[in-house]
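Okay, structure first, notes after.
The values are calculated or read from the model by the stated rules, or taken from the named source; none is laboratory data. Since the structure is predicted, the reported quantities are computational estimates derived from the model, not experimental observations. Cβ atoms come from the backbone with ideal geometry, glycine included; neighbour counts cover every protein chain shown. Side chains are part of the model used for accessible areas, which takes the heavy atoms of the whole protein and leaves out ligands, DNA and RNA. Shrake-Rupley method; radii C 1.70, N 1.55, O 1.52, S 1.80 Å.
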Amino acid sequence: MAGARVQKNKSHKTRFSSKSTRQSHKTSRTDKGRISKPERNALKGARAARIQHNKTVREQKRAAVLKEKRALTGSASPPRVIVLFGLSASVKLERLGKELSSLLSPDGAGTTSVAVASADYRSRTTVLEAPHGDLLACMEMAKVADLIAFVASASPLSEDDASSPYIDSFGSQCLSVFRAIGLPSTVVLIRDLPVELKKKNEMKKICISSLESEFPEDAKFYTADTKDELHKFMWLFKEQRLTSPLWRNQRPYVMAQEVDLKTDDDNPGKCTLLLSGYLRAHTLSVNQLVHVSGAGDFQLCKIDVLKDPCPLRARKEQNLMDSDELHDDQVIRSLVPDLSKQEPLLIENIPDPLAGEQTWPTEAEMAEADELNKQNSHKKKRLPRGTSEYQAAWIVDDVIEEDSESGEDEDDGMVLDENNVSGNKGAYNSEFDEDEASLNLRDFDGETEADTMMTDGENLTKEQVEQEIRKIKDAHAEDEEFPDEVDTPLDVLARKRFGKYRGVKSFRTSSWDPKESLPPEYSRIFAFNNFRRTQKHVLAKAVEMEHGSEGESAFRGSYVRLHVKDVPVVVASKICFLAKTSPIIASGLLQHESKMSVLHFSIKKHDTYEPPIKSKESLIFHVGFRQFVARPIFSSDNINSDKHKMERFLHAGCFSIASIYAPISFPPLPLVALKSGQGLDMVPAVAAVGSLRSIDPDRIILKKIILTGYPQRVSKLKATVRYMFHNPEDVRWFKPIEVWTKRGRRGRVKESVGTHGVMKCIFNGVVQQHDTVCMSLYKRVYPKWPEQQFPNDA
């Protein structure tokens, strides 16, 4: 349109286009080049670098997942282990095992417990049948299982017998133990369903609704009555990504398919144990130590890498064997340990009694001692006939007087200096008093004859076993009703009976030296300055070993024969016998894991175990692949203090800390504690479950006892207390320790009254006549060293 005016907006009144140019007029012309706007190309380069980095991370994760899948399902991976576990005794596992074996190997070459290669499913599988009623065999199979197939029978409900459960008592017990060990991938196979489709679906829904609460959320339920249903299960199993517990993936292990022993003529009583099987989880070095389940820790003298007896591609393997002849026993290569790199089999520390600082006497001291001996040379005494000088040094005066009064001829005695025996009399009497006190009183510190008989169990009759169990139950009930309360003995002085105890002002804040008065067993164990740092270093070293050379390491997935040396013949014979019913596992140990130390476990009493579990009672600990015998002491877990109170019994329904002497193991590791059967019934029972907490010999565990007395006269804040002590010297001995009442009053001992141990006390409040006055005493306690270290020791 001619003459139309074009709109023009008013420009913004600013002299600067951006913040970066506002200060440019304040700078000189020479510095203006330094203050410049970043180029857009640089921004584009940073964004492109971020995109490239994220792409690289995604590709690395994708490659790691693909590598893991190929390692688990490829031809170089070990066969997958399927464990068939019947939830009740009515399940027929033998029939199901035969059906799976015929499905995997149509020609009938495959049998259970041996790896089977299936060309149809392009996988290798080992099927194990868990024997119903054998707890140990079921536990060992669960430790090596890649997949646990729980088999449930629906036949009771189909027969209108709704009272029969799907899971019996043994199945429920094993299921709880499997949860404590760590469940791998799980499926549930339902069998014995009706043929009619409508009833079959209804019965399947009822069975799933009853069992789904007992298994993990990702557990799948399959029907397994026909061949087509088993075919569907096996095809899904081939494509399934299996999961396993973390503790099992930290160490290499071999589930032995063949077990044999070879005697050693040069070393009588010892032999070489031969274990053949597929190496799983990690690379195993010939310089590593191995643990054979139930037998102990040993060194390897050789590893033979054998030809795979169950190749996935049989034709190609056969052509290779035809073109390249191997040895008669089909050994591809042998690995021999390097003595300079081999891990030493060091279990206990050997202390040197002369390692401490020694002070040699001076000439003046030796001359003084000779002069003293000459002065006392006139003191003579007669000893029984036939007594040597060395024997006479250990005879006290009371024994000599009794022998002299028994009518022996004085001319037949020998003359000896009295100074040789005078120094031992006090020690003898003190030991005698302490032993007498432990026999006359109910004491949990020492082990009585009844406890020793109880741990053996084999020499007791049925009546004696029932009597000992009744005594322990009475002590457990008394401990729950009156915890820590101890009666003061009438015939023994309290300052001698409780001489090892001390008073503590505050259990939480009072100091206690962890290195004070350690027992002799502490000289036989090992400790770490920094356990976390050592564990990190050991795990890093294990990762480096994964990429070891072929000359000293056998790789994961290879079929190997382990030559375990210096195994006792009796133990090896037991292992060969157990191999018929239970898998034998040889696991590689990390650095330091053969050495003894003090291990602490978080432990809880099993719901199915009713008898009381007393501290220092012998239990069989299953920690991961390892088994050993231990005698733990139980204590509370005090988070706010470095001191922990000992518990005389493991109480049901709550977690406690169990401290034992055992070989070092790096967490995380599960724990299952078994109690051997007593008398004629030697079947072990599950006593407790838990996990490894820490390794710390400096953990302070204090045993607490409470001495009680009763007010005789009460006058406001003052009270005359009796029956806490029976001697005025004992009152003066324990006078500095604080007293308290069950009604919440606190006070102190003022003085002793009379000659029967009555004392006056002053409290911070009015004391009632029916109140009870208490005094708390503490002493440090330690675990008991086991007489037998491993379950299968001779």
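Computed with every protein chain present, the accessible area of Ile657 is close to 10 Å² [probe 1.4 Å]. Only protein heavy atoms count here; on that basis, with a 1.4 Å probe, Val766 has an accessible area of about 90 Å².
Ranked from largest to smallest solvent-accessible area, with a 1.4 Å probe on the protein heavy atoms, Ser615, Ser694 come out as Ser694, Ser615. Annotation: amide H-H contacts under 5 Å for Ser77 (H modelled 1.01 Å from N, sequence separation of 5 or more, or interchain): none.
Summary of the geometry: the stretch 587-609 and the stretch 189-259, compared by the centres of their Cα atoms, lie 31 Å apart. Positive contributions from Lys and Arg (+1) and negative ones from Asp and Glu (-1), summed over other residues with Cβ under 10 Å from the Cβ of Gly765, come out at +4.
Just to make sure I understand: if all protein chains stay in place, what is the order of Asp265, Asp168 by accessible area at 1.4 Å, largest first?
Numbers: Asp265 135, Asp168 40 Å².
Solvent-accessible surface, decreasing: Asp265, Asp168.
Legend: residue pairs Lys262/Lys614; Lys496/Lys760; Lys580/Lys614; Lys143/Lys307; Lys505/Lys718; Lys262/Lys604, Cα-Cα distance threshold 32 Å; pairs beyond threshold, Lys262/Lys614; Lys580/Lys614; Lys262/Lys604. What net charge do the residues around Glu212 carry, taking every other residue with its C-beta under 14 Å from that of Glu212, with Lys and Arg at +1 and Asp and Glu at -1? With Lys, Arg at +1 and Asp, Glu at -1, the net is 0. Using heavy atoms of the protein chains and a probe of 1.4 Å, the accessible area assigned to Asp308 is about 40 Å².
Find out how many positive minus negative residues lie around Cys576, taking Lys and Arg as positive, Asp and Glu as negative, among other residues whose Cβ is under 12 Å from that of Cys576. Walk me through the intermediate numbers first.
On the way: positive: Lys262, Lys574, Lys580; negative: Glu258, Asp260.
Result for the neighbourhood of Cys576: +1.
Using only alpha carbons, the stretch 638-781 has a radius of gyration to Kirkwood radius ratio (Rg to Rh) of 1.16. For the residues Lys262, Lys61, a 1.4 Å probe over the protein chains yields an accessible-area ranking, largest first, of Lys61, Lys262.
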